[in-house]
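Here the structure comes first, spelled out in structure tokens, and everything after it is commentary.
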Amino acid sequence: MKVPSKKRGKTNTNGAGELYVVSTPIGNMEDITLRALDTLRRVGVIACEDTRRIRKLLSHYKIHGKELISYYRGVEEGKSSRLLRLLEQGQDIALVSDAGTPGVADPGLVLIRQARDLSLPVRVVPGPCAALAALTASALPADNFLFLGFLPRNKKTRRAFLSPLRWEKRTLAFYEAPHRLGASLADIAAAFGRRRMAIARELTKLNEEVLWGRAYELAEKLRSHKIRGEVTIILEGYAETPWEVKGSWSGYSLAAHLEKVMQEEDLSLSRAVEKIEQLRDVPKEVLYKIAKESGLEGKRK
Ligand code: SAM
């Protein structure tokens, strides 16, 4: 298909076209901004992952006559040079992915980086992103969060990846493929136990649901009851004092709490550690370290 010439004057001075990074719906076709639609109508070329997916969106909004250039993982380097040449020739280009925001666990980085390196104008047309939508729906703090993309596929690698995250205070967000969900949840439960978790499924679609509970509860629930569709996992960050016990234990440091439990309930250090691990969601290693520093270790039976 012939590339249509630009119809509007350029905002940049060197005559190059502009690269628009456009977010598209993650399910519901209506979740697209007016500016995204205007951009898709205006550009001559759309770089996209699966041409069938974007065609569906374009035809829904009666946008026709665009040149679609497929741009997916594996061809990013090769396709970028063609797209950069078009930009240099003055062609405006929209970059989209199959769903959500390009570059977020999706292709986009190579083209955006190369356009920046060549001082070509890059503009963002923000919109849906599954991680942000899931965080918003999760009932977990989103002031400060850590998005980690897809979890490693290999069990051993995944466990090694999750283990140090037990100490991470920020809310964690992961993408996961539905067929790996069960195995990943088992590993999440092993590492995070009682931590609160939201599994956001099929957001903005007909079967949208958010499963909410403790990591071990949801892992158990989904072991027997498989779920389908796209999922994003949101996990509570590490907190020395979780909300439900904050009030009752706020006066006690961990050392004082350990000592109190050992004395008043006549528990060994290991039993006291187990109890406080459950109550306050503090990893055992931390409690033993504190016990050692506070001279409580000698009392261990
Ligand atoms: N770039 C996209 C974005 O901004 O959301 C993410 C692309 S990534 C290849 C696809 C993953 O996003 C899925 O495997 C799933 O984890 C998550 N996802 C996409 N759509 C979703 C939805 N409607 N509900 C929940 N999670 C979704």
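The values are calculated or read from the model by the stated rules, or taken from the named source; none is laboratory data. These numbers come from a predicted model, not from an experiment. Here the Cβ positions follow ideal geometry from the backbone for every residue, glycine too, while neighbour counts run over all protein chains shown. Accessible surface areas use protein heavy atoms only, side chains included; no ligands, DNA or RNA. Shrake-Rupley method; radii C 1.70, N 1.55, O 1.52, S 1.80 Å.
Normalised by the number of residues in the range 6-125, the mean separation of alpha-carbon contacts (under 8 Å, six or more apart) gives a relative contact order of 43 percent. Amide H to amide H, with H built 1.01 Å from N, Val124 comes under 5 Å of Val21, counting only residues 5 or more places away or on other chains. The residues of the chain present an accessible area of 52 Å² per residue when probed at 1.4 Å with all protein chains retained. What are the chymotrypsin sites (Phe, Trp or Tyr not before Pro) within the range 24-100 that DSSP puts in a loop, where the Cβ has at most 16 other Cβ atoms within 10 Å? The qualifying sites are Tyr61, Tyr72.
Summing charges over neighbours of Met29, with a neighbour being any other residue whose Cβ is under 15 Å away from its Cβ, gives +1 when K and R count +1 and D and E count -1.
The mean sequence distance of close C-alpha pairs (under 8 Å, at least 6 residues apart), as a share of the length of the chain, puts its relative contact order at 16 percent. Using the rule -39500 (n - 2.57) for each DSSP H run of four or more residues, divided by the residues of the chain, the 222 nm mean residue ellipticity is -11500 deg cm²/dmol. Neighbours of Asn207 by Cβ distance under 12 Å: Lys/Arg scored +1, Asp/Glu scored -1, total -1.
A convex hull fitted around the alpha carbon atoms of the range 6-125 yields 93 Å³ per residue. Apolar share of the accessible surface for the range 6-125: 48 percent from carbon plus sulfur atoms, 1.4 Å probe.
If you run the Gaussian network model on the chain, springs between alpha carbon atoms under 10 Å, then out of Glu230, Glu285, Glu220 the most flexible one is Glu285. Which value results for Rg/Rh of the range 142-235 when Rg is the Cα radius of gyration and Rh the Kirkwood radius based on the inverse mean 1/r? Ratio of gyration radius to Kirkwood radius for the range 142-235: 0.93. Using 26 Å as the Cα-Cα cut-off, could you pick out the over-long pairs in Lys56/Lys79; Lys169/Lys205; Lys62/Lys226; Lys56/Lys226; Lys156/Lys284; Lys169/Lys292? Check vs 26 Å cut-off fails for Lys169/Lys205; Lys62/Lys226; Lys56/Lys226. The C-alpha atoms of the chain define a longest principal axis, and helix 254-264 lies at about 30 degrees to it. For the chain, the C-alpha radius of gyration sits at 1.31 times the compact-globule guess of 2.2 N^0.38 Å, with N the residue count. Within the accessible surface of the range 142-235, defined with a 1.4 Å probe on protein heavy atoms only, the carbon and sulfur portion equals 51 percent.
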